[in-house]
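I have placed the structure first, in the form of structure tokens, so that the comments after it can refer back to it.
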Amino acid sequence: MYVAHVSEVPESNVTPDPLPPGKRATVRWVIAEEHGAPNFEMRVFHLDEGLTSEWHRHPWEHEEYVLTGHGTLRGETGETELEPGTVVLIAGGEMHQLRASRGEALEFICVVPRGTKEKAASPAR
């Protein structure tokens, strides 16, 4: 069994260079392969207001749960507003991008299949 508090898990910077002053985007791999997860890994993202993930796709699905803030999910068929409590399933191969908006940071949980850690760090812009 593995138990931890999110604040105990180190943040990894996923911000590109150059980044506007005072802005940050981070990920915490709160449950990962190294913790013994046999099938899935869980990460917690933080995007400062105005930052976006890349417009990208990958072969694996992922599930997201918005913890705090507001944002937009851009997909192949348009955009959807995100708020705390919103859940999202993004299918493997589907183009997508998240943006923090409304003058606040966006924090969300993202679950991916085990083994995608090296491929899954989605830098923000």
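Residues that are modelled with pLDDT under 95 and within 24 Å of Lys23 (Cβ to Cβ) number at least 2 in the following strands (runs of 3 or more DSSP E) confined to region 70-125: 96-101. Here is the figure for region 51-68: residues that are buried (at least 18 other Cβ atoms within 10 Å of the Cβ) and either over 14 Å from Val88 (Cβ atoms) or hydroxyl-bearing (Ser, Thr, Tyr) (or both) total 3. Restricting attention to region 1-29, the residues that are surrounded by 13 or more Cβ atoms within 10 Å (Cβ to Cβ) and farther than 24 Å from Arg99 by Cβ total 1. Whenever a residue of region 59-85 is hydroxyl-bearing (Ser, Thr, Tyr), its partners that are part of a loop (DSSP other than H, G, I, E, B), lying with C-beta atoms within less than 9 angstrom and at least six residues away or across chains, give the pairs Tyr65/Gly85; Tyr65/Thr86; Thr68/Pro84; Thr68/Glu104; Thr68/Ala105; Thr80/Thr86. Residues in region 102-112 that are of a type outside the set (A, V, I, L, M, F, W, C) and buried (at least 18 other Cβ atoms within 10 Å of the Cβ): Glu107 alone.
The values are calculated or read from the model by the stated rules, or taken from the named source; none is laboratory data. Computed from a predicted structure; not experimentally measured. Cβ atoms come from the backbone with ideal geometry, glycine included; neighbour counts cover every protein chain shown.
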